[in-house]
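Written below as structure tokens is the structure these notes are about.
The values are calculated or read from the model by the stated rules, or taken from the named source; none is laboratory data. This structure is a prediction, so every number in the text was calculated from the model and none was measured. We place every Cβ from the backbone using ideal geometry, glycine too, and count neighbours over all the protein chains shown.
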Amino acid sequence: GGLGKTTLVTNVYEREKINFSATAWMVVSQTYTIEALLRKLLMKVGGEQQVPPNIDKLDVYDLKEKLKQKLKTRKCLIVLDDVWDQEVYLQMSDAFQNLQSSRIIITTRKNHVAALAHPTRRLDIQPLGNAQAFDLFCRRTFYNEKDHACPSDLVEVATSIVDRCQGLPLAL
């Protein structure tokens with residue numbers, strides 16, 4: 001973690017959500033149940049007034065069917081954030097079939113999860129290079145200095161800190 005996947009997608013989500021009639025941001029993480037995810041997603045894309053009154057009693061099949069109905073008639077932007085297991089998407093994917101104008105974005109640190117996306121639709125984020133990492137560190141640390149320049153007496157310490165952060169923006 002720490003490469004900025006969620007931050008990047010948050011920026012895209014905030015910028016693009018005005019183009020969609022329904023949006024949903026779902027943090028998945030390592031502990032989840034497919035039923036809970038589907039219920040939460042159905043509530044987010046369906047709108048509070050359109051949630052089935054018996055939503056807590058619906059099984060996975062019925063939740064997927066209700067979700068499919070909602071997604072078919074709406075242009076939706078859905079983010080599945082911090083997905084660790086392919087099964088999350090695989091178990092939900094039939095609800096996402098034949099969606100013409102909706103978009104699903106998945107963030108993950110796992111290559112096997114990213115492999116579910118078509119290669120032209122994947123973005124592999126790499127750590128920052130040394131110069132970029134040093135520049136980011138200086139902009140954040142020396143924001144009061146002219147051009148955010150690192151004072152010459154601190155360059156060695158700053159370089160050591162940047163090296164320890166291994167190019168991870170979150171650590172910097």
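Every condition in (1) surrounded by 16 or more Cβ atoms within 10 Å (Cβ to Cβ); (2) assigned to a helix (DSSP H, G or I); (3) at pLDDT below 90 is met by residue 94 except one, and the failing one is (1).
Would you be able to tell me the number of residues in the stretch 97-112 that are closer than 16 Å to residue 123 by Cβ and assigned to a helix (DSSP H, G or I)?
Here is the first cut: in the stretch 97-112, the residues closer than 16 Å to residue 123 by Cβ are 103-111.
Pick out the ones that are also assigned to a helix (DSSP H, G or I) and you get 111.
Number of matching residues: 1.
Taking the criterion of being loosely packed, with under 12 Cβ neighbours inside 10 Å and in contact with a Leu (Cβ under 7 Å, 6 or more places away or on another chain), the only residue of the stretch 126-166 that qualifies is 140. Residues in the stretch 137-153 that are part of a helix (DSSP H, G or I), under 33 Å from the mean Cα position of the chain (by Cα) and farther than 23 Å from residue 170 by Cβ: 1 in all. For the stretch 57-81, the tally of residues that are closer than 21 Å to residue 27 by Cβ and either part of a helix (DSSP H, G or I) or over 24 Å from the mean Cα position of the chain (by Cα) (or both) stands at 6. In the stretch 33-90, the residue that is surrounded by the fewest Cβ atoms within 10 Å (Cβ to Cβ) out of those that are closer than 29 Å to residue 7 by Cβ and among the hydroxyl-bearing types (Ser, Thr, Tyr) is 33.
Give 99, 154 a once-over and let me know the one that is farther than 15 Å from residue 3 by Cβ, in contact with a strand residue (DSSP E or B) (Cβ under 8 Å, 6 or more places away or on another chain) and not charged (D, E, K, R). Reasoning before the result, please.
Numbers: 154 fails: in contact with a strand residue (DSSP E or B) (Cβ under 8 Å, 6 or more places away or on another chain).
From the options 99, 154, the qualifying one is 99.
Residue 120 satisfies every condition listed in (1) part of a helix (DSSP H, G or I); (2) in contact (Cβ under 8 Å) with a residue 12 or more places away in the chain except (2). Restricting attention to the stretch 13-50, the residues that are of a type in the set (Val, Ile, Thr), over 16 Å from residue 86 (Cα atoms) and touching a residue at least 40 places away in the same chain (Cβ under 8 Å) add up to 1. Could you check the stretch 1-25 and list, in sequence order, the residues that are in contact with a strand residue (DSSP E or B) (Cβ under 9 Å, 6 or more places away or on another chain), charged (D, E, K, R) and under 25 Å from residue 126 (Cβ atoms)? Result: 5, 16. Among the residues of the stretch 19-35, the ones that are polar (S, T, N, Q) and in contact with a Phe, Trp or Tyr (Cβ under 8 Å, 6 or more places away or on another chain) come to 3 in all.
Against the list (1) assigned by TED's automatic domain parsing to the domain that holds residue 28; (2) not in a helix (DSSP H, G or I), the condition residue 88 fails is (2). One residue stands out in the stretch 4-32 among those that are farther than 21 Å from residue 171 by Cβ and among the basic types (Lys, Arg): the one that is surrounded by the fewest Cβ atoms within 10 Å (Cβ to Cβ), namely 15.
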